[in-house]
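Written out below as structure tokens is the structure these notes cover.
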């Protein structure tokens, strides 16, 4: 780390494409962000296994802009990962063919376990003493990654088909959601997660999340991202979930401090968080990490943890 290095991490999610260019640095978290940008592309439509033509156009436009940023900041090394939407897609080849003329770097489709590994490496960059039993949750459009870890290094990971866009198209819940629909959805989660809960040596005391719905929590509490993480009680988050899930899309849009680009899918996001907090009553606090998958990619590339 004595010589300064520049690197770009690109995370192609089901709903959002993220770009981050960094330069290595000698102090925690050991890199400076040169530029960070995200585009809402919403790749997963009603058919969760097929990219529609208009979604591919949005993706091409996004990656063309990322290519310009790579040139602008003179980035010699780039890592681009594609997540759940690309694992599900039946016409991934069409996407690659469309972006090839504008994006000159390879794209690697990663497994859910690899996705979880990057999220874990990102969280490890936080300046925090994780002495409890912890559960990291990375809520995406197509999948949700869960990572359990404790102070002794015990580590369990699961990647599940319960992302926010998948839930919307699979369950088509009312707006606002009805109680019987919530029970049905939570039952689906129970079945998916039975083996995961059974595998844990102990139940978690802290839930750690990044980006997506957890940005909503920071926005609605006027908290700035912190290298130490922003912490909330489970009761606070359950109250926020009730406020969000009990409203229509228009009602969510008008919630004070609700990010305009997040209100539409906030219902499904908070249903997942609500389920985890109600299922694991041992969780007494929720922490929002400023670091996620793209920071985990940076951490691996620069050998930070």
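Please treat every number below as a calculation from the coordinates, not as lab data. Predicted model only: the values in this text are computed from it and were never measured. We place every Cβ from the backbone using ideal geometry, glycine too, and count neighbours over all the protein chains shown.
The stretch 229-256 to the stretch 127-168: how many Å between their Cα centroids?
21 Å
Report the label-to-label distance for residue 261 and residue 129 in nanometres (one decimal), using points 7 Å from each Cα along the Cα→Cβ vector.
Taking the two extended label points, one gets 3.7 nm.
Which percent, nearest 5, of DSSP beta bridges in the chain are antiparallel? Walk me through the numbers on the way to the answer.
Numbers: 32 of 48 bridges.
Around 65 percent antiparallel, to the nearest 5.
May I ask you to compute the full-extension gain from residue 40 to residue 96, defined as 0.36 nm times their residue separation minus their alpha-carbon distance, rounded to one decimal in nm? Working shown, then result.
Values: separation 56, 0.36 × 56 = 20.16 nm, distance 1.85 nm.
Extra length from residue 40 to residue 96 when fully extended: 18.3 nm.
Between the alpha-carbon centers of the stretch 273-305 and the stretch 169-183, tell me the distance in whole angstrom.
27 Å
Select from 140, 153, 45 the residue whose mean-square fluctuation is largest in a Gaussian network model of the chain (Cα-Cα springs shorter than 10 Å).
With Cα springs under 10 Å in the chain, the top fluctuation among 140, 153, 45 is at 153.
Relative contact order (percent) for the stretch 127-289, with alpha-carbon contacts under 8 angstrom and 6 or more residues of separation? Display every interim value, and only then the final one.
Details: 242 pairs, mean separation 45.3, N = 163.
Relative contact order for the stretch 127-289 comes out at 28 percent.
Normalising by the residue count of the chain, find the relative contact order in percent from Cα pairs under 8 Å and 6+ residues apart.
Numbers: 560 pairs, mean separation 60.7, N = 305.
In percent, rounded to a whole number, it is 20.
Can you give the helix-only mean residue ellipticity at 222 nm for the chain, where every DSSP H stretch with n ≥ 4 adds -39500 (n - 2.57) and the sum goes over all residues, rounded to the nearest 500 deg cm²/dmol? Let's see the in-between values first.
Working: 11 runs with 122 residues, N = 305.
Calculated at 222 nm, the ellipticity per residue is -12000 deg cm²/dmol.
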